[in-house]
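The block underneath contains the structure these notes are about, expressed in structure tokens.
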């Protein structure tokens, strides 16, 4: 069951999950990988809905998004994915097949070549329309000391599809 929904219908719920347990960011080039993000969000730029995600350059996901220019964001609903979130947030896709290790199902994207996670309820499919590497000297010194030296690339992904695969969200 796929039910298209407006990109902004669940912004409050997405923000809560993003800032508490995290959500899945999936990428695909030569291999499928997913990671957990706790920073980012949905916004509106250039007359279009955008999911802004921050990916450190050292992450395997960074390499895959650079190659494909696409990503998906899958948001867990009522199903308990705590262990999968823990594993995918602490292990590298260079070393593990996270889908296999966590028994996650890769469902084909509707409008992008990157899959979504079948165990999640809400999905965003995104095409990168802009990216920006962080410029360390432009960052507040206190934040720089606390969170870095491994800087992020900010990916602005136009939301080209947003849908539920489980109405229990």
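Checking each residue in region 70-94 for being surrounded by 19 or more Cβ atoms within 10 Å (Cβ to Cβ), in contact with a strand residue (DSSP E or B) (Cβ under 6 Å, 6 or more places away or on another chain) and not in a helix (DSSP H, G or I) picks out 70, 71, 72, 73, 74, 75, 93. Pairs meeting the criteria (first residue in region 123-151 and touching a residue at least 24 places away in the same chain (Cβ under 8 Å) and at positive phi, second residue surrounded by 10 or more Cβ atoms within 10 Å (Cβ to Cβ) and not in a loop (DSSP other than H, G, I, E, B), beta carbons under 9 Å, at least 6 apart or on different chains) are lacking. Scan region 119-169 for residues that are outside any strand (DSSP E or B) and within 21 Å of residue 15 (Cβ to Cβ) and the total you get is 10.
Of the residues 44, 24, which is part of a strand (DSSP E or B) and free of Cβ contacts under 8 Å to residues at least 40 places away in the same chain? Break it down stepwise before answering.
Working: 24 fails: free of Cβ contacts under 8 Å to residues at least 40 places away in the same chain.
Checking each option against the conditions leaves just 44.
Scanning region 38-54 for residues that are closer than 14 Å to residue 18 by Cα and crowded, with 19+ Cβ neighbours inside 10 Å returns 40, 42, 51, 53. Among the criteria (1) under 11 Å from the mean Cα position of the chain (by Cα); (2) part of a strand (DSSP E or B), the one residue 61 does not fulfil is (2).
Given the structure, is residue 99 in contact (Cβ under 8 Å) with a residue 40 or more places away in the chain and on the phi < 0 side of the Ramachandran plot?
Numbers: in contact (Cβ under 8 Å) with a residue 40 or more places away in the chain: yes; on the phi < 0 side of the Ramachandran plot: yes.
Criteria met by residue 99.
From the set of residues in region 6-21 that are surrounded by 13 or more Cβ atoms within 10 Å (Cβ to Cβ) and in a loop (DSSP other than H, G, I, E, B), which is modelled with the lowest pLDDT? Once the filter is applied, the top-ranked residue is 21.
Scanning region 121-169 for residues that are more than 22 Å from residue 45 (Cα to Cα), in contact with a helix residue (DSSP H, G or I) (Cβ under 9 Å, 6 or more places away or on another chain) and surrounded by 14 or more Cβ atoms within 10 Å (Cβ to Cβ) gives 144, 151, 169.
Hey, among the residues in region 102-120 that are touching a helix residue (DSSP H, G or I) at 6+ places or on another chain (Cβ under 9 Å) and surrounded by fewer than 13 Cβ atoms within 10 Å (Cβ to Cβ), which one's farthest from residue 161 (Cα to Cα)? Before you say what the answer is, go through the steps one by one.
Initial filter on region 102-120 (touching a helix residue (DSSP H, G or I) at 6+ places or on another chain (Cβ under 9 Å)): 102-106, 112-115, 117, 119.
In the following step, the residues that additionally are surrounded by fewer than 13 Cβ atoms within 10 Å (Cβ to Cβ) were identified as 103, 105.
On the way: 103: 25, 105: 19 Å.
Of everything passing the filter in region 102-120, 103 is farthest from residue 161 (Cα to Cα).
The values are calculated or read from the model by the stated rules, or taken from the named source; none is laboratory data. What you see is a predicted model; the values in this text were computed from it and never measured. Glycine also receives a Cβ, built like all others from the backbone with ideal geometry; neighbour counts cover every protein chain displayed.
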